[in-house]
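Since the structure comes first, as structure tokens, the remarks are kept for the end.
The values are calculated or read from the model by the stated rules, or taken from the named source; none is laboratory data. Quantities reported herein were computed from a predicted structural model and do not represent experimental measurements. All Cβ positions, even for glycine, are placed from backbone atoms using ideal geometry, and neighbour counts span all protein chains on display.
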Amino acid sequence: MQPLDRDPDTADVPDVNRLAPPRPGTARPGDPGAPGGPAASVVDVPADPDAPGWGRPPITADQRRYDVLLAAALLVGGILSLALGRTAGMYDDPAEGWVAVLCVLAVTAPLAVRRRQPAVVAVVVAAAFVLVGELRVPETLFANIALFMALYTVGAWDRNRARALWVRAGIVVAMFVWLLVAMFQAVTDPEGIEGFSNAGAFSPLVAYLLIQLLTNILYFAGAWWFGDHAWNAARERARTEHRGRLLVGERRRVEEQAVAIERLRLARELHDAVAHHVSMMGVQAAAARTVQASDPQQAALALEQVEDSAREAVDELHGLLSTLRESGTETHAASAVGSLSVERLPELVQQAADTGLTARFQVIGEPVRVPPLTSLNLYRICQEALTNVRKHAGTGAQVDVRLRYDADAVELEVADDGTGARRVLRRGTSGGLGLVGMRERVAADGGTLETGARGRGGYLVRARVPLGPRTGGAR
């Protein structure tokens, strides 16, 4: 590398070549993938990268060791370059040996803490760099590398971005002022720089100095850009990791919600199965006790129905509990409860008639295929409604069950006249779990539910479920 001036008369002019960029291909610490770079920074819970005041994670012990080794390597290289420069005669009147070594130490040693105190290190290295030039220390290569890395580190690691901006701007302005002063002295010196003529408006000397100016512009622009790029890349990586954690948390919440929904579904199934069958068993047991003395054969028949109801209840409970161990799909969910569907509504109505209700079933419209879970929900709604009729209206009540197929929906209606042996006027206030389960089932299918007392007596339950896209909700 050629010094700017080797003439003792013009030796005070700084060597602008000392501001040349470092060799291409040199790995820069802090770059992605470089040892001790941002990719090695790992923290458990970093701050939100989009929040004000975000900073890169604290450096690790490995990164500290890397910085120390890097500073030591630059120091050794700087001393070797110093010896070669003195041998080559870079200056006719160079600095004393011990002064030169101290200057090389001052420009390289601060890099050992460059990521912990980037702004302070940059200011110290810049001041030492100027000292190297002013004292005519014959070493330029490693001093340039050290200054480049110090400026880069400020942009890549300083958490205070305003400070990073002003520190770098101050250093760059100071360096260019120093450079322009040296260039002015070289241009106005009658003897000029050895080997370059300063005659003419655009002399070889002016061309040479313009090349040096362009070189330094690229040098400082590169240090500035690479530093900001490393900061932005680290922030983008942190943003990606942060979003990944948010997605993991959201997935966990969705899984927990799915578990809660499945538990509610099983709770509804258990409630409907137990309430229906136990209600029927109670009615049949009461009938058997009543006719036990007068009609033993009828009592035996009632007890047989109690046995059948108990067996069916056990089968349904077994199917429900098996879903706790197996994956839940629509097909499995339907088969897990004994393939209950609207096709079995006639059996359900007949069971209600066998317990003393005057029950009638009617299908209106052309039957179409109903999705398995929707069919199961309609079956359970009818089952719960008939259980409520037995509970609140009592035996002897008349109940009509209608399954209506429309062009885009299926509707189930269960209506009683409320004239049974037991009459409860305010049916909706007793317990309420059955009605809640009905609403949840209809809402899950995107349908509507109407419940309430009829004007001419009795109670009405009407569930309407669309057969197209699921929209709406229970009301």
> If you go through segment 84-98 one residue at a time, how many are hydrophobic (A, V, I, L, M, F, W, C) and exposed (fewer than 14 other Cβ atoms within 10 Å of the Cβ)?
Replying inline: 3
>> Being surrounded by 18 or more Cβ atoms within 10 Å (Cβ to Cβ) and either touching a strand residue (DSSP E or B) at 6+ places or on another chain (Cβ under 6 Å) or over 25 Å from residue 267 (Cα atoms) (or both) is the requirement here; does residue 409 meet it?
In response: no
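Among 27, 20, 71, which is touching a helix residue (DSSP H, G or I) at 6+ places or on another chain (Cβ under 8 Å) and at pLDDT below 80? Give the derivation first.
Details: 27 fails: touching a helix residue (DSSP H, G or I) at 6+ places or on another chain (Cβ under 8 Å); 71 fails: at pLDDT below 80.
None of the other options fit; the residue is 20.
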> In segment 448-464, what residues are surrounded by fewer than 16 Cβ atoms within 10 Å (Cβ to Cβ) and part of a loop (DSSP other than H, G, I, E, B)?
Replying inline: 454, 455, 456, 457
>> Could you check segment 49-65 and list, in sequence order, the residues that are under 12 Å from residue 159 (Cβ atoms), loosely packed, with under 15 Cβ neighbours inside 10 Å and touching a residue at least 12 places away in the same chain (Cβ under 8 Å)?
In response: 53, 58
> Could you list, in sequence order, the residues of segment 138-156 that are in a helix (DSSP H, G or I), surrounded by fewer than 24 Cβ atoms within 10 Å (Cβ to Cβ) and of a type outside the set (A, V, I, L, M, F, W, C)?
Replying inline: 144
>> Name the single residue that is nearest to residue 358 (Cα to Cα) among those in segment 380-437 being modelled with pLDDT under 90 and hydroxyl-bearing (Ser, Thr, Tyr).
In response: 395
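If you check 197, 203, which single one turns out to be surrounded by 13 or more Cβ atoms within 10 Å (Cβ to Cβ), at pLDDT below 85 and hydroxyl-bearing (Ser, Thr, Tyr)?
On the way: 197 fails: surrounded by 13 or more Cβ atoms within 10 Å (Cβ to Cβ).
Selected residue: 203, the only one of 197, 203 that is surrounded by 13 or more Cβ atoms within 10 Å (Cβ to Cβ), at pLDDT below 85 and hydroxyl-bearing (Ser, Thr, Tyr).
Looking at segment 105-124 only, could you name the residues that are part of a helix (DSSP H, G or I) and under 41 Å from the mean Cα position of the chain (by Cα)?
Hits for segment 105-124 are 110, 111, 112, 113, 118, 119, 120, 121, 122, 123.
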>> Residue under question is residue 243, and the condition is that it be part of a helix (DSSP H, G or I), charged (D, E, K, R), at pLDDT 85 or above and not assigned by TED's automatic domain parsing to the domain that holds residue 445; does it hold?
In response: yes
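In segment 352-374, what count of residues is obtained for those that are in a helix (DSSP H, G or I) and buried (at least 22 other Cβ atoms within 10 Å of the Cβ)?
2
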> Can you tell which of 209, 218, 213, 247 is under 24 Å from the mean Cα position of the chain (by Cα) and farther than 30 Å from residue 441 by Cβ?
Replying inline: 247
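Just checking, which of 163, 159 is at pLDDT 80 or above, part of a loop (DSSP other than H, G, I, E, B), within 43 Å of the chain's Cα centre (by Cα) and in the same structural domain as residue 115 (by TED's automatic domain parsing)?
Result of the check over 163, 159: 159.
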